[in-house]
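Trainee: Take a look at this one; I'll ask things after.
The values are calculated or read from the model by the stated rules, or taken from the named source; none is laboratory data. From a predicted model like this one, the values you see are computed outputs, not experimental measurements. Here the Cβ positions follow ideal geometry from the backbone for every residue, glycine too, while neighbour counts run over all protein chains shown. To get the accessible areas, we keep the full protein, side chains included, count just its heavy atoms, and leave off ligands, DNA and RNA. Shrake-Rupley method; radii C 1.70, N 1.55, O 1.52, S 1.80 Å.
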Amino acid sequence: MGRSEGVLGRFLAFLWLASLLVVVDSRKILPRCPPSCTCTKDNALCANRGTIPRSFPSDVISLSFVKSGFSEIPKESFSHTPALHLLFIENNQIKSISPFAFRGLKSLIHLSLAYNNLESLPKDLFKGMEALTKVDLRGNLFSCDCKLKWLVDWIYHTNATIDQIYCNSPPPYQGKKINDLTLQSFDCITTDFSLLKSLEFQSISVEAFTFGGDQYVVFAQPFTGRCSFMEWDHVQMEFRNFDNITSTSTVICKPLEIDNQLFIIVAQLFGGSHIYKRDISANKFIKIQDIDILKIRKPNDVEIFRVDGESFFIIADSSKAGSTTVYKWNGNGFYSHQSLHPWYRDTDVEYLEISGKPHLILSSSSQRPVIYQWNKTTKLFDRRTDIPEMEDVYAVKHFKVKVELYVCLTRFIGDSKVMKWDGNMFNEIQTMPSRGSMVFQPFSVDNWQYAILGSDYSFTQVYRWDTKKGQFIHFQELNIQAPRAFSLVSIDNRKFLLASSFKGQTRIYEHLILDLSD
């Protein structure tokens, strides 16, 4: 009998201990209502909470917060309540929400963030919440910029009901209904010139060209006295050294392709200027011609062009005794075709078409820029007019916006200008403060029109064309010492801006396209 009683006693003790463990374990599985919260059978209301509780009773399907002390909703704040159907975070001071704040709420059908201080919402905030039927975002301070573009797209595609919400900023959108905006309401694509590489040499000109299906660039290096060629490496995806032309006090290395032959016009300050040809069989450059030293004494710019199917180049001479001269290809070499004028110290020449007719614009240190027009009868350039009230113009470069013709005028002392052709003359439309500028270069990348204003005394300024304003607006600064020329290269679906530097390192920038809505 005693043995039976002992067995029974141990059994009862085991049952008591097991029941105690069940009670303790049930308390772990079934959390109590958090402090500062009131819980009923399936609802929880939290007031004056400084943080979002990490546990609630398992049968809660509706959760509300009022007068909360937290201003941010962190990531995975509700991962412990995946069965929630209703979530109200109203009349609080919420300023920011983590992109992953609501992850896991696959059963949520109603979400309210009304009357908080939200200016934006992170992209894809409602990702994975396909059960939503109602979202209330009223009473916030939304800034309708690119960061909110995704929300406009989500509102358009979601099946959930969205109460009317309004833009608080920026001024053009203030008071507008976000529900009525479209993706076209946002201009979120921008660009950037990002420094890709610095080359350990100084240069005074840079020219990009293609030959034989390959992409090259050539830099004129006045101090080392050479034309330095680089070739694009499609495997390493960078420019590599290709070849050199040794010269003296080189200021311009201008490539010119005629009948599948590559010529390089090498303009020098001393020792005369020359023309080289690429010998494919010998795989090197050979000098084929000297340029008349009596006409070209101090070359400052070279332009190449074609008129009536024939190839020309022109050298602007900046000496007292030289003469800006047009040269023409005759099938075997280049010969002097026309001397435009002596004694004027020309600093730059620009070839362009005005109203479909070939023209030249000469810039000079002694007179206003002069415009010459091609005469089809005499096959010479005749003086047409000049650009009025523009003294001390160092260079003129042209660009087009659709069919409208514009020019950028560089001035070392005084303001540089942007002018527009009105059918008879160029008229000023914009003034660019400049000091020590020797290059004001317009160029286009895809649908963007830029102009870069270099300076010997400060940062180089990049401007981008604003179609609505019809002028350039400031866009970016580049740190280049004494830039002299810029050239754009497009290769392997990438765009590069090469910048020569007279006093520092030559730079290669990459043109990047950025989506501000990401």
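Trainee: Between region 75-99 and region 262-313, what's the alpha-carbon centroid distance in Å?
Mentor: 72
Trainee: Return the carbon/sulfur percentage of the accessible area of the chain, one whole number, probe 1.4 Å, all protein chains in place. Intermediate values should be presented prior to the final figure.
Mentor: Working: 13020 of 25680 Å².
In the chain, the share of accessible area belonging to carbon and sulfur is 51 percent.
Trainee: While we're looking at this one, here's another question. With charges only on Cβ, +1 for K and R and -1 for D and E, what is the dipole size of region 319-393 about its Cα centre, in debye, rounded to 20?
Mentor: The dipole of region 319-393 has a size of about 420 debye.
Trainee: Hey, another quick one. Within 13 Å, Cβ to Cβ, of Cys37, how many net charges do the neighbouring residues add up to if Lys/Arg are +1 and Asp/Glu are -1?
Mentor: Overall, the nearby charge balance is +4.
Trainee: Further question on the same structure: Order the peptides 431-442, 462-473 from the highest to the lowest mean number of other Cβ atoms within 10 Å of their residues.
Mentor: Result, highest mean Cβ count within 10 Å first: 431-442, 462-473.
Trainee: So, one more: Top to bottom by accessible area (1.4 Å), largest first, where do Tyr156, Tyr509 land?
Mentor: Values: Tyr156 180, Tyr509 10 Å².
Largest accessible area first, the list is Tyr156, Tyr509.
Trainee: Taking a ≥ b ≥ c as the square roots of the Cα gyration tensor eigenvalues, with a/c under 1.5 meaning rounded and otherwise prolate when a/b beats b/c, else oblate, which class fits region 347-409?
Mentor: It comes out oblate by the Cα gyration axes.
Trainee: Let me ask something else. Determine the calculated [θ] at 222 nm for the chain from helices alone, applying -39500 (n - 2.57) to every DSSP H run no shorter than 4 residues and normalising by the residue count; nearest 500 deg cm²/dmol.
Mentor: Taking each H run of at least 4 residues, the total per residue is -2500 deg cm²/dmol.
Trainee: If the chain between Thr378 and Ser194 were fully stretched, how many nm would it gain, using 0.36 nm times the residue separation less the Cα-Cα distance?
Mentor: Answer, rounded to one decimal: 61.4 nm.
Trainee: For the full complex of protein chains and a 1.4 angstrom probe, list Phe223, Phe313 by accessible area with the highest value first.
Mentor: Result, largest first: Phe223, Phe313.
Trainee: Further, regarding this structure: Assuming 1.306 mPa s and 10 °C, estimate D for region 179-228 with Stokes-Einstein, Rh taken as the Kirkwood radius over Cα pairs, in µm²/s.
Mentor: 105
Trainee: If each of Lys468 and Lys134 carries a label point 7 Å out from its Cα toward its Cβ, how far apart are those two points in nm?
Mentor: Simple spin-label model gives 3.8 nm for this pair.
Trainee: Separate question: Under a 1.4 Å probe, what is the accessible area of the chain per residue, stated in Å²?
Mentor: Result: 50 Å² per residue.
Trainee: Which Cα, out of Leu488, Cys144, Ala316, lies furthest along the positive dipole direction of the chain (beta carbon charges, K/R +1, D/E -1)?
Mentor: In the chain, that residue is Cys144.
Trainee: I'd like to compare 248-255, 90-97, 167-174: which one has the highest average count of other Cβ atoms within 10 Å, and what's the full order after that?
Mentor: So the order, starting with the most tightly packed, is 248-255, 90-97, 167-174.
Trainee: Semi-axes, largest first, in whole Å: what does sqrt of 5 times each Cα gyration tensor eigenvalue give for region 29-69?
Mentor: Numbers: eigenvalues 56, 23, 11 Å².
Equivalent ellipsoid of region 29-69: 17, 11, 7 Å, largest first.
Trainee: Over 24 Å between Cα atoms: which of Lys67/Lys95; Lys95/Lys149; Lys287/Lys503; Lys95/Lys177 fall into that group? Please list the in-between numbers first.
Mentor: Values: Lys67/Lys95 14 Å; Lys95/Lys149 18 Å; Lys287/Lys503 29 Å; Lys95/Lys177 21 Å.
Going by Cα-Cα distance, Lys287/Lys503 fall outside the 24 Å limit.
Trainee: Which order, highest average first, do 231-237, 208-214, 302-308 follow once you tally other Cβ atoms within 10 Å for each residue and take the mean per peptide?
Mentor: 302-308, 208-214, 231-237
Trainee: Using heavy-atom solvent-accessible surface (probe 1.4 Å) with all chains present, what is the largest-first order of Lys75, Lys149, Lys123?
Mentor: If we order Lys75, Lys149, Lys123 from most to least accessible, we get Lys75, Lys123, Lys149.
Trainee: What is the spin-label model distance, in nm, from Phe211 to Arg306 if the labels are put 7 Å beyond Cα along the C-beta direction?
Mentor: 1.7
Trainee: Let me ask another. So what is the diffusion coefficient of region 34-135 in µm² per second by Stokes-Einstein at 10 °C and 1.306 mPa s, using a Kirkwood Rh over Cα pairs?
Mentor: 117
Trainee: Assign unit charges at the C-beta atoms only (+1 for Lys and Arg, -1 for Asp and Glu), then state the dipole size of region 175-330 relative to its Cα centre in Debye, rounded to the nearest 20.
Mentor: Values: 16 positive and 20 negative charges, 97 e Å.
I would put it at about 460 debye.
Trainee: With the cut-off at 32 Å, tell me which of the pairs Lys254/Lys468; Lys277/Lys379; Lys147/Lys468; Lys277/Lys320; Lys106/Lys147 have Cα atoms farther apart than that. Write out the running numbers ahead of the final one.
Mentor: Values: Lys254/Lys468 37 Å; Lys277/Lys379 27 Å; Lys147/Lys468 23 Å; Lys277/Lys320 30 Å; Lys106/Lys147 25 Å.
Checking Cα-Cα distances, Lys254/Lys468 exceed 32 Å.
Trainee: Ok, one more. Could you derive backbone 3J(HN,Hα) for region 130-146 from the dihedral phi with the Karplus parameters 6.51, -1.76 and 1.60 (θ = phi - 60°), listing whole Hz in sequence and x where the residue is Gly or Pro?
Mentor: Result, rounded to whole Hz: 5, 7, 4, 10, 8, 10, 10, 10, 5, x, 9, 10, 5, 9, 7, 10, 5.
Trainee: A further question on this structure: Could you tell me the accessible area of Leu405 in Å² (1.4 Å probe, neighbours in place), rounded to the nearest ten?
Mentor: Accessible area of Leu405: about 10 Å².
Trainee: So how much slack lies between Ser169 and Ile258, counting 0.36 nm per residue of separation and subtracting their Cα-Cα distance, in nm?
Mentor: 26.3 nm
Trainee: Using a/c under 1.5 as the rounded threshold, could you call the chain rounded, prolate or oblate? The axes a ≥ b ≥ c are square roots of the C-alpha gyration tensor eigenvalues, and prolate needs a/b larger than b/c, oblate otherwise. Before the final figure, lay out the partial values.
Mentor: Numbers: a/c = 4.05, a/b = 2.61, b/c = 1.55.
Prolate shape, in that a/c is at least 1.5 and a/b is the bigger ratio.
Trainee: Just how large is the dipole of the chain about the Cα centre, in debye to the nearest 20, putting +1 at every Lys and Arg Cβ and -1 at every Asp and Glu Cβ?
Mentor: About 1060 debye.
Trainee: Give me a comma-separated list of calculated 3J(HN,Hα) values for region 227-242, in order, Karplus coefficients 6.51, -1.76, 1.60 applied at θ = phi - 60°, integers in Hz, x for any Gly or Pro.
Mentor: Couplings: 9, 9, 9, 10, 10, 6, 9, 6, 8, 7, 6, 7, 7, 10, 4, 10 Hz.
Trainee: Please find the FRET efficiency linking Ser36 to Met425, where r is the Cβ-Cβ separation and R0 is fixed at 45 Å, and quote it to the nearest 0.05.
Mentor: It comes out at approximately 0.05.
Trainee: When a/c reaches 1.5 or more, the comparison of a/b and b/c decides; with that in mind, is region 201-340 rounded, prolate or oblate per its Cα gyration tensor?
Mentor: It is oblate, given that a/c is not under 1.5 and a/b is not larger than b/c.
Trainee: Just grab the label-to-label distance for Asn447 and Asn117, each label 7 Å out from Cα along the Cβ direction, in nm (one decimal).
Mentor: Label-label distance for Asn447 and Asn117, simple model: 3.9 nm.
Trainee: Using modelled amide H (1.01 Å from N, peptide plane; none on Pro or chain starts), what sits under 5 Å from the amide H of Ser444, excluding residues fewer than 5 places away?
Mentor: Correct list: Tyr450.
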